[in-house]
Amino acid sequence: MLGNSKEILLDAKRNHYAVPHFNINNLEWTKYILEEMEMLQKPLILGVSEGAIQYMGGFQVVSNLVKGLIEDLNITIRVSLHLDHGTSFETCKKAIDSGFTSVMIDASKKPLKENIEITKQVVEYAHSKGVTVEAEVGHIGGSEDGIPSSSTNARLDECIRLIEETGIDSLAPALGSVHGLYHGEPNLDFETMKEISEHVDIPLVLHGGTGIPDDQIKKAISCGINKININTELQIAWYQEVKKFIEKNNSYDPRKVIGSGEKAIKEKVREKTEMFMNR
Ligand code: 13P
């Protein structure tokens, strides 16, 4: 069942666990994740970046792909289709008008006042359509869709202002995690994470879930994180298997080549979900 992420995340907040957000890149990725999460009978947030949407053909393609798979595969779990790092009001509106049930507006590179103005505009439109909104404070660095950027950590007062002045449903405070691979050990600011979660009453989101050791993920959940985004780790798991397959086989059938990574994606989805949700 496709719906917004409000109840999914509020339940996670009430019961102190994190819902997995897995980024999708193509038909196979989406199918494998849906199938595995249906096996596990756990709620799911499917994240799609603007780059992945463009790659797949557009907003309508992605929305219809997800709806079609939910129907044809008889998926019964709660699924939210979420625009990851929407860069403007127009992009968020396009996603909402195409059937996305959740959007992230990421105006975190702009000064806070401007971030608030854009986020507020998105919230007004999204909420009028029953769609939930995530926003970012501070700036999460690293590399996403091949675009590198540097980090700035969030401050408690900024988080409170953004939430109070916009009415967002969830917040991604940048606290040291990065998109893509870490150079050295991740350095998360757990103290501020805990402080923010004690002062705000909406679910918190951790971006850049790849490469954060399990004990730090557990600590983040205990400090109030209710959604964890994973992208790169699934890509690496898939790539390692496909590489082996190509080295060993002489098959040019794309179903066999791409499909050789199915098991690896499913195993990673299961491992992450069990860790995030079984406290
Ligand atoms: P990773 O690519 O580091 O897993 O991060 C994913 C993410 O945060 C998507 O928003």
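General remarks:
- Across the options I75, L234, G130, the greatest Cα extent toward the positive end of the charge dipole of the chain (unit charges at beta carbon of Lys, Arg, Asp, Glu) belongs to I75.
- For the chain, the mean residue ellipticity at 222 nm estimated from helices alone is -15500 deg cm²/dmol, where every DSSP H run of n ≥ 4 contributes -39500 (n - 2.57) and the total is divided by all residues, rounded to the nearest 500.
- Gyration tensor (alpha-carbon) shape descriptor, the chain, a/c threshold 1.5: prolate
- Highest-fluctuation residue, R161, R78, R255 considered, GNM on the chain with Cα pairs under 10 Å: R255
- Among 239-249, 8-18, 51-61, the order from most to least packed when residues are scored by Cβ within 10 Å on average: 8-18, 51-61, 239-249
- Here K31 is the anchor, and the aspartates and glutamates within straight C-alpha reach of less than 13 Å, apart from those fewer than 8 places off in the same chain, are E71, D72, E262.
- Greater than 32 Å apart at Cα, pairs in K13/K113; K109/K263; K109/K256; K94/K243: K109/K263; K109/K256; K94/K243
- Dimensionless Rg over Rh [the range 15-150; C-alpha; Kirkwood]: 0.97
- 3J(HN,Hα) from dihedral phi, the range 16-33, Karplus parametrisation 6.51/-1.76/1.60, rounded to Hz, x for glycine, proline: 6, 9, 10, 8, x, 10, 10, 6, 10, 10, 6, 4, 4, 3, 5, 5, 4, 5
- Rounded to whole Hz, the Karplus (6.51, -1.76, 1.60) HN-Hα couplings of the range 121-131, x for glycine and proline: 4, 5, 4, 4, 5, 4, 5, 5, 10, x, 9
- In the elastic network of the chain, a GNM with C-alpha springs shorter than 10 Å, the most mobile of L206, L40, L234 is L40.
- For S49, the residues whose amide H sits under 5 Å from its own are I24, D84, ignoring neighbours fewer than 5 places away on the same chain, with H placed 1.01 Å from N.
- For the chain, relative contact order (Cα pairs under 8 Å, six or more residues apart, normalised by length) works out to 20 percent.
- Farthest positive-ward along the chain dipole, Cα basis, beta-carbon charges - from M104, H139, I160: M104
- J(HN,Hα) series, the range 85-101, from Karplus relation 6.51 cos²θ - 1.76 cosθ + 1.60, nearest Hz, glycine and proline x: 6, x, 9, 8, 4, 4, 5, 5, 4, 4, 4, 4, 5, 8, x, 5, 9
Coordinate-derived values only; no laboratory data. Owing to the predicted nature of the structure, the values given are computational and were not obtained by experimental measurement. So basically every Cβ, Gly included, is an ideal-geometry build from the backbone, and we count neighbours across all protein chains shown.
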